[in-house]
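For reference, the structure is listed below as structure tokens.
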Amino acid sequence: MTENTTSTDAVRLWQRGLVAAAALALGACSTVQVQPLQPEPLARQTRADAISLREGVEPITRPVILAEAVARALKYNLDQRVKRMEESLALGEIQKAEFDMLPRLMASAGYAWRDNDRIGLSRNAEDGTLSPSRFVSSDRNRETLGLDFSWSLLDVGLGYYGARQQADRQLITLERRRKAAQNLVMNVRMAWYRAFSAQLLRDDVRNTIRIAEEALAESRTAEAQRLRNPVDQLRYQRQVLENLRLLENISQELEAANIELAQLINAPLNQIIPLAEVPARDVGQEILSIPIEVLENQTLARNPDLREAHYGTRIARDEVRRTLAKLVPNVSLNWGLKYDSDSYLVNGHWQEAGLQVSLNLFNLFTGRTQVRLSEAGASLADQRRLAAHVGALTQMHLARVALMNAREQFVRADAIWDVDRKIAALVRSRQDAQTQSKLDVVSNSTTATLSLLRRYQALGQVQAAENRLLATLGAEVSVNLEPLTVNQATAQVAYQFLGRFEQLIGLEPLPPLKPGDPLPPPARFPVFAPPATDAPR
């Protein structure tokens, strides 16, 4: 068998292989179909997701105080995890943008084949006649290798400003995570007090509903036996039913509070979370005593929305610089190391280098428009920053007024509950002495329960209003809680929120809390009186 025959067989084999590969590719493309979720794979993924949700989450083994609820939310809340991952991804985008400033080093390898020889003719320069000789100038099969280095001044400039912009975008992601964390803390503080009021009132509501249903049944029995005036009995039943409606509304509202808190701290939704109250400081009093000018300065220095607007301005200004850089002539340097297996080449290995200056001539006509548009974007970013400036100050003043109003509403709700509690206790003692009807006991117990619920709702509103003001000031838990245990994270949260507000909002440095250090005593703050033990039962 000759060498040409062997080469021809190899070529045919390659051709058939390429045809088969093309046929398989086309067949695969033509068989793609819509595939809905199947029950079994979906069930496996659902089980895996349920395990992933609880992975790394410490179980609740004791009553949860407010500081622990905040710590668990900052550590385990799923939305907060997403924000942290977005921040990490933005940090990776910075490194990716920095790679654009590096030179390019391209390695290449290739194989070329043709089914006949590359034959060339030559023409006589004097009379234009073709030479009868034919020349083979290339092998039918040959291999090529290359290593090419290129460096572009324009790529370096654009990559530099692009990396600066991406760094500012990463800082914007950080500010958004701060804002999300502040909103999360506010929601946790509200949900914790709602859940705590649900825990406190659950037995009261159930007992009062039981008493109301007994009174309703007795009234219906008396109506059926015509022992009393039917109109009086119907009026009595209507009042009892109205109280039952209020109690059932309270019960429905309380049932949802535990689920909301569980979702925020990433606890099982079907788990009743035991809660424990600690002596509360006079919420809002200390921060309201800080001069308004100081609060304004802190808002302008630390507010997340305003800081994001400042970063947006820097990004817009760098975009102007990027536009100007695109108008500058580009200087590129190229160097390459080549190899070609063609036996007709005298030099199969060689190096080549070049220097090139290029300019897009259309930039001479469109450059002014491009610069004008980028400058307009920078002006828009400036206006957005000014709007954010006014908006941040407005939010701070509104949050401060809302905190003062919430404190007043709590004081009023606390006084109303104290009166209703005393009335319910007196009515209950008279009912025990058979001098008061069961309807009066139900009505006053319902009123006292509703007042206590409103008291805790008002206290939750005070907590939320204070946190809203802290959010506008940029106050936050400054310690990364993710690597800490729940106990350690709870200590850090309690330490920062029990410290002086001058430290919490950044007016003074907050010394770090070391393991074993005592927490600042909360008793130095005025406290609200806890609920009395003679609540209606």
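Details
- Every residue from segment 61-89 that is open to solvent by less than 40 Å² (accessible area, probe 1.4 Å) and closer than 14 Å to PRO268 by Cβ: VAL64, ARG72, TYR76
- Filtering LEU174, LEU247 for residues that are open to solvent by less than 50 Å² (accessible area, probe 1.4 Å), under 30 Å from ALA325 (Cβ atoms) and aliphatic (A, V, I, L, M) leaves a single hit, LEU174.
- A search for C-beta distances below 7 Å between a residue of segment 374-392 that is more than 14 Å from LEU306 (Cβ to Cβ) and any residue that is assigned to a helix (DSSP H, G or I) and not small (Gly, Ala, Ser), counting only pairs 6+ apart in sequence or on different chains, returns SER374/GLU319; SER374/VAL320; SER374/THR323; GLU375/VAL320; GLY377/GLU319; ALA378/ARG317; ALA378/VAL320.
- Lone unmet requirement of (1) modelled with pLDDT of 80 or more; (2) more than 16 Å from VAL411 (Cα to Cα); (3) open to solvent by less than 10 Å² (accessible area, probe 1.4 Å) for PRO483: (3)
- Filtered by the rule that a residue be open to solvent by 50 Å² or more (accessible area, probe 1.4 Å) and either of a type in the set (A, V, I, L, M) or more than 23 Å from ALA402 (Cα to Cα) (or both), segment 302-314 gives ARG307, HIS310, ARG314.
- When ALA125 is tested against (1) of a type outside the set (Ser, Thr, Tyr); (2) under 43 Å from the mean Cα position of the chain (by Cα); (3) loosely packed, with under 14 Cβ neighbours inside 10 Å, just one condition goes unmet, and that condition is (2).
- If the condition is being surrounded by 10 or more Cβ atoms within 10 Å (Cβ to Cβ) and either in contact with a helix residue (DSSP H, G or I) (Cβ under 7 Å, 6 or more places away or on another chain) or assigned to a loop (DSSP other than H, G, I, E, B) (or both), then segment 130-153 contributes SER131, ARG134, ASP139, ARG140.
- Test: residue in segment 219-228 that is modelled with pLDDT under 75, open to solvent by 90 Å² or more (accessible area, probe 1.4 Å) and part of a helix (DSSP H, G or I): yes
- Test: residue in segment 280-294 that is open to solvent by 60 Å² or more (accessible area, probe 1.4 Å) and part of a loop (DSSP other than H, G, I, E, B): yes
- Checking segment 349-365 against the condition returns a match, with at least one residue being of a type outside the set (Val, Ile, Thr), assigned to a helix (DSSP H, G or I) and open to solvent by 80 Å² or more (accessible area, probe 1.4 Å).
- Selection from segment 289-303 of residues that are among the hydroxyl-bearing types (Ser, Thr, Tyr) and within 16 Å of LEU386 (Cα to Cα): THR299
- First in segment 261-277 and free of Cβ contacts under 8 Å to residues at least 60 places away in the same chain, second anywhere and open to solvent by 10 Å² or more (accessible area, probe 1.4 Å) and in a loop (DSSP other than H, G, I, E, B), Cβ under 6 Å, 6 or more apart: ALA262/LEU269
Matching residues to (1) open to solvent by less than 20 Å² (accessible area, probe 1.4 Å); (2) at pLDDT 55 or above; (3) of a type in the set (Ser, Thr, Tyr); (4) not in a helix (DSSP H, G or I):
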| position | (1), (2), (3), (4) |
| --- | --- |
| GLN434 | no, no, no, yes |
| LEU453 | yes, yes, no, no |
| GLN457 | no, yes, no, no |
| GLU466 | yes, yes, no, no |
| GLY474 | yes, yes, no, yes |
| ALA494 | yes, yes, no, no |
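- Of the set (1) more than 46 Å from the chain's Cα centre (by Cα); (2) at pLDDT below 75, all apply to ARG235 but (2).
- Of the residues in segment 188-203, at least one is under 23 Å from the mean Cα position of the chain (by Cα), of a type outside the set (A, V, I, L, M) and surrounded by 21 or more Cβ atoms within 10 Å (Cβ to Cβ).
- Hits in segment 368-420 (condition: open to solvent by 80 Å² or more (accessible area, probe 1.4 Å) and closer than 22 Å to LYS179 by Cα): GLN383, ARG384, LEU386, VAL390, GLN395, LEU398
- Boolean, GLN252 is loosely packed, with under 13 Cβ neighbours inside 10 Å and either under 21 Å from LEU459 (Cβ atoms) or under 38 Å from the mean Cα position of the chain (by Cα) (or both): yes
- Boolean, GLU58 is of a type in the set (D, E, K, R), closer than 26 Å to ASN183 by Cα, at pLDDT 75 or above and surrounded by 15 or more Cβ atoms within 10 Å (Cβ to Cβ): no
- Criterion violated by LEU337 - all others in (1) within 48 Å of the chain's Cα centre (by Cα); (2) surrounded by fewer than 16 Cβ atoms within 10 Å (Cβ to Cβ) satisfied: (1)
The values are calculated or read from the model by the stated rules, or taken from the named source; none is laboratory data. Quantities reported herein were computed from a predicted structural model and do not represent experimental measurements. Don't worry about glycine lacking a Cβ; one is built from the backbone with ideal geometry, like all the others, and counts go over all protein chains shown. Ligands, DNA and RNA are excluded from the accessible area calculation, which covers all protein heavy atoms including side chains. Shrake-Rupley method; radii C 1.70, N 1.55, O 1.52, S 1.80 Å.
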